[in-house]
Amino acid sequence: MPVLTAIDVLRVQRFIFLSNRLRDVVTGSYLVSWSTSKYGALKNLVDPEKILLAGGGNAIIEFDDIAAARSFSAQYTRLLHEQAPGLEVAVVHRLFENNQLAQALQEIQIEIARLKTERLPSVPLLGISVTASCRETGFPASGFDRSDPTVPLSREILKRREKKDEATLHWISYLDDRDEFAFPIELDDLGRTIGDTSLIGVVHVDGNSVGKKIKDWLSEKFDRGESDDTVRREYVEWSRAIENLGKKTLQTIVDRLCNSVEKKIKDCKESVWITGKPFQLGFELKKVENKWMLPLRPILVGGDDITFVCNGRIALDLTETALYVFNNSDVPHLGKISACAGVAIVRVHTPFARAYELAEKLCSSAKRMLKDKNESGCALDWHIGNCRPGETVESIRERQYITNGRRLTCRPYLLDSKKDKTETWKWLSRELLDDD
């Protein structure tokens, strides 16, 4: 009897932001992508034709019988333990009869969700009193980095450092025919200006109601009694389209940056500047090892879930660029997928995990606004400055933007609207702030 196997990577953000070093964060995000990629952890364990969904920390694979599924699970989890220590996954198997694939896909989503809530979290032994602590994570140290043999590091960080070159190659395709540019691996290379306050933007973009669209599609296939071949074909079509949507979004952002550079001669040397929007926000790029560092570092691209770090002066402009890609999307069988974005603009060395948490909260704030206004487009919310640990967006606004009973901010903003052209990001940036 055929079997579906679903994989869901758990606590993705906690794993990625285990360290506050950008290079470790980038490698951590690569390992998340690698863990559910048919070119990564799944490459030699399963037939690519059997993969229905792979990417963004999720995978659904079809097997001929339960024995093959369990054998795969054993090899797969062992591989993760060896190559990506600390990365946790939930794995569920679901048997199904012929012409019941749509129903099985519905049921396995419910089972994986239940497993995630019922699982017992691991409680690893964190060493004894004489064990040295990792400089980055505080976990028990197990070795030293070759580049600095005096710093004790945990197994989790050492494995990431081993994957550094693979992680770099993972993003190089977005810079095809642009050999003069590179993505930085240090925050200080994002385009800091000496003598000026240095800010970075942590941007989180997430699709709206994608789960509901998939659920409705599956229900339609089940109600119409579609054959397994039809369900399988269409499932692969829209899953690949969503994956390509994320890649297209990042490529558009990179193109936007590369098309905004301007070469100048400064102190008899060639320099490269980003043309700001508005012009006053332009700044000079940094050169490292004969390559100009783009003020952008992709962190995670998983279909409709995208996270990147950039220079704070261009964060909102790049967010707008990303949202317009979603706004013009057309995914087979699912239609347009809109998205919301949260932008946390913070000081350069703010803890990554806290900055990302704020960006995620701001994204949720934009989603709530769409729901409250019964809108279906894209929206964004942002905040400049740090927030207190555990503080909600509403608490920040109440503390900083409400006085004498008046609210002094209109955030979050719709990206654009056919109903009302005012109080949208397009109106704010193009007309009110005269951003052209």
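With the alpha-carbon atoms as the only input, what is the per residue convex hull volume for region 32-153 in Å³?
Residue-normalised Cα hull volume stands at 139 Å³.
What nm distance separates the two modelled labels at S376 and Y39, each placed 7 Å from Cα along Cα→Cβ?
Rounded to a tenth, the inter-label distance reads 3.5 nm.
Solvent-accessible area per residue for the chain at a 1.4 Å probe radius, Å²?
For the chain, the solvent-accessible area averages 51 Å² per residue.
D420 to V261: FRET efficiency via 1/(1 + (r/R0)^6), r the Cβ-Cβ distance, R0 45 Å, to the nearest 0.05?
Efficiency for this residue pair is about 0.80.
If amide H atoms are built 1.01 Å from N in the plane of the peptide, which residues on other chains or at least 5 residues away come under 5 Å of the amide H of V151?
Amide H to amide H, under 5 Å and 5 or more residues apart or across chains, V151 pairs with D145.
Which distance in Å, rounded to a whole number, links the C-alpha centroids of region 218-297 and region 37-51?
About 25 Å separates the Cα centre of region 218-297 from the one of region 37-51.
What are the extents of the Cα atoms of region 296-369 along their three principal axes, listed from largest to smallest and rounded to whole Å?
Between the extreme Cα coordinates on each principal axis of region 296-369 lie 43, 25, 19 Å.
Once the piece of chain linking Y401 and Q75 is laid out straight, how much longer is it, given 0.36 nm per residue of separation minus the C-alpha distance between them?
112.0 nm
Whole-Hz ³J(HN,Hα) for each residue in region 292-308, computed from phi via Karplus 6.51 cos²θ - 1.76 cosθ + 1.60 with θ = phi - 60°, x for glycine and proline: what do you get?
Per-residue couplings from phi come out as 7, 7, 5, x, 8, 9, x, 10, 8, 10, x, x, 8, 10, 10, 9, 8 Hz.
With the contact rule set at Cα under 8 Å and sequence spacing of 6 or more, what percent relative contact order holds for region 46-184?
13 percent.
Does a label point 7 Å from the Cα of M1, set along Cα-to-beta-carbon, have any residues of region 33-68 with amide nitrogen under 15 Å, and which are they?
63-68
When the chain is fully extended, how far beyond the present Cα-Cα distance does K247 get from K215, taking 0.36 nm per residue of separation?
Working it through step by step, the gained length comes to 9.2 nm.
Using a Cα-Cα cut-off of under 20 Å, which lysines could be cross-linked to K215, ignoring same-chain neighbours fewer than 8 residues away?
Straight-line reach from K215, under 20 Å: K116, K336, K367, K371.
By how many nm would the segment from D330 to E391 lengthen if fully extended, with 0.36 nm per residue of separation less the alpha-carbon distance?
Extra length from D330 to E391 when fully extended: 18.3 nm.
About the Cα centre of the chain, what is the dipole size in debye to 20, counting +1 per Lys and Arg Cβ and -1 per Asp and Glu Cβ, all else neutral?
Dipole magnitude for the chain comes out near 1080 debye.
Over region 282-404, what relative contact order in percent results from Cα pairs under 8 Å that are six or more residues apart?
19
What percent do you get for the relative contact order of the chain when only Cα pairs under 8 Å and 6+ apart count?
16
Mind checking which lysines have their Cα closer than 23 Å to the Cα of K43? Skip sequence neighbours fewer than 8 apart in that chain.
K159, K163, K164, K247
Computing the accessible area with a 1.4 Å probe over protein heavy atoms, can you report the carbon and sulfur percentage for the chain?
49
Place a point 7 Å from the Cα of V236 along the Cα-to-Cβ direction; which residues of region 52-69 have their backbone N under 17 Å from it?
Label zone hits: 52-55, 59-64.
What are the lysines whose alpha-carbon lies under 21 Å from the alpha-carbon of K269, with same-chain residues fewer than 8 places away excluded?
Reachable lysines: K286, K287, K291.
The values are calculated or read from the model by the stated rules, or taken from the named source; none is laboratory data. Note that the structure is a prediction, hence the values are computed from the model and not measured. Glycine also receives a Cβ, built like all others from the backbone with ideal geometry; neighbour counts cover every protein chain displayed. All accessible areas refer to the heavy atoms of the entire protein, side chains included, with ligands and DNA or RNA removed. Shrake-Rupley method; radii C 1.70, N 1.55, O 1.52, S 1.80 Å.
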